[in-house]
Amino acid sequence: MRALKIAVLASGGGTNLQALIDAQNAGKINGTIALVISNRKNAYALERARLANIACEHISTKSYPDPIDYDKALLSRLKAHQIDLIVLAGYLKILSPVLIQAYQHKIINIHPSLLPAFGGDGFYGIHVHNAVYQSGAKVSGATVHFVTEGVDAGPIILQKAIPLEQNWQATDIQAAVLKIEHPLLVEAVSLFCDNRLEIKENRVYIQGEL
Ligand code: GRF
């Protein structure tokens, strides 16, 4: 089976992207990150791509203010690079149906909470961890899931929970969760590239030994 071609969409610092780049270079993923796209010109994720000699592009929301036009432009770039899998790694735009339907069950997102808790509209970045902190929860964690038209609502691929120290603030929770996101996302992308993920009735079954 040929190595899949992966596009990573990112809006921020790109530490999840970096984890995927490092895993690819270590031969841990039967796939190639062929393209990185950001909606933010100065996203450090783009610099990480440049440093790794990976094709990268900024698609400006000013050029395509309508979200559907934006995603059509994005889709044309993905098709031009013959992308098989899209990974959202800190990508802050909501995907429109045109993109989701073109890549049905071929879009993976990482979210920094144990979905369905602390997910959905408005739950992104530090807002997630503020809500976790305010709730008094004793655990948090990360979720990798397939993207569907609901926000943070697609079939869950992998999750990992971590205990929260009682003196932690939201920023401490964010740092601890980010640390476990990286291997979780790498494992999920690797399983996808090895064709070991099967979806039945909104549940994901992993084929073979974990
Ligand atoms: C991560 O916490 C991810 O779960 C969330 O946005 C953050 C991106 O971090 N969607 P980075 O840009 O990968 O460092």
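The values are calculated or read from the model by the stated rules, or taken from the named source; none is laboratory data. Remember, it's a predicted structure, so these values are computed and weren't measured experimentally. For neighbour counting, all protein chains shown are included, and Cβ atoms are generated from backbone atoms with ideal geometry for every residue, glycine included.
Taking Ile94, is it in a strand (DSSP E or B) and either within 12 Å of the ligand (Cβ to nearest atom) or out of contact with any Ser or Thr (no Cβ under 9 Å at 6 or more places or on another chain) (or both)?
The answer is no for Ile94.
What residue, of Lys72, Lys93, is without any contact (Cβ under 8 Å) to a residue 60 or more places away in the chain and not β-branched (Val, Ile, Thr)?
Lys72
Which of the residues spanning region 102-148 are more than 14 Å from the ligand (Cβ to nearest atom) and assigned to a strand (DSSP E or B)?
Once the filter is applied, which keeps residues that are more than 14 Å from the ligand (Cβ to nearest atom) and assigned to a strand (DSSP E or B), region 102-148 yields Val139, Phe146.
Identify the residue in region 105-121 that is modelled with pLDDT of 95 or more and over 15 Å from the mean Cα position of the chain (by Cα) and, among all such residues, is farthest from Ile199 (Cα to Cα).
Phe118
Kindly indicate which of Tyr44, Tyr70 is over 28 Å from Arg196 (Cα atoms), among the aromatic types (Phe, Trp, Tyr) and within 12 Å of the ligand (Cβ to nearest atom).
Unique residue meeting the criteria: Tyr44.
Of all residues in region 149-159, which are within 12 Å of the ligand (Cβ to nearest atom) and at pLDDT 95 or above?
Selection gives nothing.
Being touching a strand residue (DSSP E or B) at 6+ places or on another chain (Cβ under 8 Å), surrounded by 15 or more Cβ atoms within 10 Å (Cβ to Cβ) and in a helix (DSSP H, G or I) is the filter here, so list the residues in region 19-53 that pass it.
Answer for region 19-53, where residues must be touching a strand residue (DSSP E or B) at 6+ places or on another chain (Cβ under 8 Å), surrounded by 15 or more Cβ atoms within 10 Å (Cβ to Cβ) and in a helix (DSSP H, G or I): Leu20, Ile21, Gln24, Ala45, Leu46, Arg48, Ala49.
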